[in-house]
1. Looking at the range 346-386, which of its residues are in a strand (DSSP E or B) and either hydroxyl-bearing (Ser, Thr, Tyr) or outside the structural domain of Val444 (by TED's automatic domain parsing) (or both)?
2. Just the residues that are within 16 Å of Asn402 (Cβ to Cβ), among the aliphatic types (A, V, I, L, M) and assigned to a helix (DSSP H, G or I), please, taken from the range 449-469.
3. Check whether at least one residue in the range 370-377 is under 21 Å from the mean Cα position of the chain (by Cα) and closer than 17 Å to Ser421 by Cα, and report yes or no.
4. When you go through (1) over 24 Å from the mean Cα position of the chain (by Cα); (2) assigned to a loop (DSSP other than H, G, I, E, B); (3) within 25 Å of Leu243 (Cα to Cα) one by one for Phe207, which number turns out not to apply?
5. Need the failing condition index for Val29 against (1) out of contact with any helix residue (DSSP H, G or I) (no Cβ under 8 Å at 6 or more places or on another chain); (2) touching a residue at least 24 places away in the same chain (Cβ under 8 Å); (3) under 24 Å from Gly184 (Cα atoms), just the number.
6. Based on what the data block shows, is Val304 without any contact (Cβ under 8 Å) to a residue 40 or more places away in the chain, in contact with a strand residue (DSSP E or B) (Cβ under 8 Å, 6 or more places away or on another chain) and among the hydrophobic types (A, V, I, L, M, F, W, C)?
7. Is it the case that some residue within the range 159-180 is within 17 Å of Thr79 (Cβ to Cβ), touching a residue at least 40 places away in the same chain (Cβ under 8 Å) and surrounded by fewer than 20 Cβ atoms within 10 Å (Cβ to Cβ)?
8. Quick check on the range 185-194. Is at least one of its residues of a type in the set (Gly, Ala, Ser) and either in a loop (DSSP other than H, G, I, E, B) or touching a Phe, Trp or Tyr at 6+ places or on another chain (Cβ under 8 Å) (or both)?
Amino acid sequence: MVLCKRLIARLDIKGNRLIKGVRFEGLRVVGDPYQAALRYGLAGADELLYIDAVASLYGRNSLSEVLRHTSREIFIPITAGGGIRNTYDASELLSAGADKIAVNSEALKRPELISELAEAFGSQCVVASIQARHHEISGNWEAMADAGRERTGKNVLEWIEQVQELGAGEILLTSINKDGTCSGPDQLLLSEAKKLVNIPLIVGGGFSRSKDFEMALSSSKVSGVSCAAALHRNQIEIEELKLKLINSAIPIRLSPKKEEIIEKQSNPLSNINIGIIDYGMGNQQSLLNSLKYLGANVSLSKNVKELDNLDLIALPGVGAFPEGMHQLQKRGFDRYIQNWASEGKPLLGICLGMQMMFSESNEFKKTEGLNLLKGNIVSLKEIIQSDSSLILPHMGWNKIYNSNTIDTLNENGINQYFVHSYAAINVNEHEISHTCNYAETQFVAAIRKDRMAGFQFHPERSGIQGLILLARTIKEIVA
């Protein structure tokens, strides 16, 4: 089983306007970022990429409000970048609704920023954005800073190797020479980059024809294509492009069926009171928005006193296991959650939140978990030992399958969004509700035990099908 390839809509922002130029120059206003995001999301884009094009110039990022607005109605993954200088800047964007953080200029000045972000939020959260300018005389590509305005003297291919060593979980490689031209990608740059990557690679710059996308996505090393100008100019239509790619044997996620959209419209979680634990580790806002969209009464809780009189507690998370447990313990959430579960009350964990429900993890160091479920969290490299060329993190849309050992929701073979490098092993087979396959190896995708449920993937970022699965699960464990 292979991951679906991703079509990513890139949205460059200046203030509250959507802008686009050619080769990062001549920037012009082309619309409203929210309306464009809504249009591309409904059309079937697999992710959104927001870049504050002037953040480095002015020393700040202004995407928080745009992210909050977008996350209220669009339930696919969002990457945000521009002007990120430290973990605080990153946490602000994550709490506003971003799932991943893209860094460029500050990382070129201070490469250790990539490691700092990876240790705080997990490598799967850190995207190294590389803006490559080709110099004809030398024949080399130079990594540019400040939205392509500033030279760094750093060789792009050497920088690709370095960001991987520093802990980046994904590379966004954009050809400045091809950006906005719709004349086709820089195939030589792509060819050279593919020789070096062992993490997901997103490529952008010049894509406009179906054969451009097919050429890039046919490589096992390329996880997705970032596209802006051709979308803004209506030169490509996402659903039509996806059908062409499928006909060319490119694995891709199709848009949800109309009946799935209709099922969601009934507000299935009305009158259910849900508290989301806010411990400073990521995607609380996106989960809050999705649950409100499904009709629930939802609150963010920063201390245990705010968790009383609820029907369900949700533990989300984007980040590394040791830091997640540290933040729970610092706020007293660990003991509260353990007592809550011991009383048989409904508990939901998502991604890191699910992982921390297990006994322990070896991410960075051996760390004890909440011990609500027996099992260990280990690197997927330990689980998938047969493939030395394995691309990690396991990032993108992959299918989940009902486990044969538990009679649960009738969700079999639907695509859900994964972004992780660690997974659970030594799990009681009767507590596994769903599995997923990657590199011909099966791993735990979801668990159920009594009134506890957990997802390794992000149903709140998996479109209508994810929202339906999220709603059905909550209704079952609350009933």
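1. Across the range 346-386, the qualifying residues are Ser361, Thr367, Ser379.
2. Ile468, Leu469
3. Looking for residues that are under 21 Å from the mean Cα position of the chain (by Cα) and closer than 17 Å to Ser421 by Cα, one finds at least one in the range 370-377, hence yes.
4. (1)
5. So the condition that Val29 fails would be (2).
6. In short, no.
7. yes
8. Scanning the range 185-194, I find no residue that is of a type in the set (Gly, Ala, Ser) and either in a loop (DSSP other than H, G, I, E, B) or touching a Phe, Trp or Tyr at 6+ places or on another chain (Cβ under 8 Å) (or both), so the answer is no.
The values are calculated or read from the model by the stated rules, or taken from the named source; none is laboratory data. Worth saying up front: this structure is predicted, and the values here are computed from it rather than measured. Methodologically, a virtual Cβ is constructed for each residue, glycine included, from the backbone with ideal geometry; neighbour enumeration extends over all protein chains shown.
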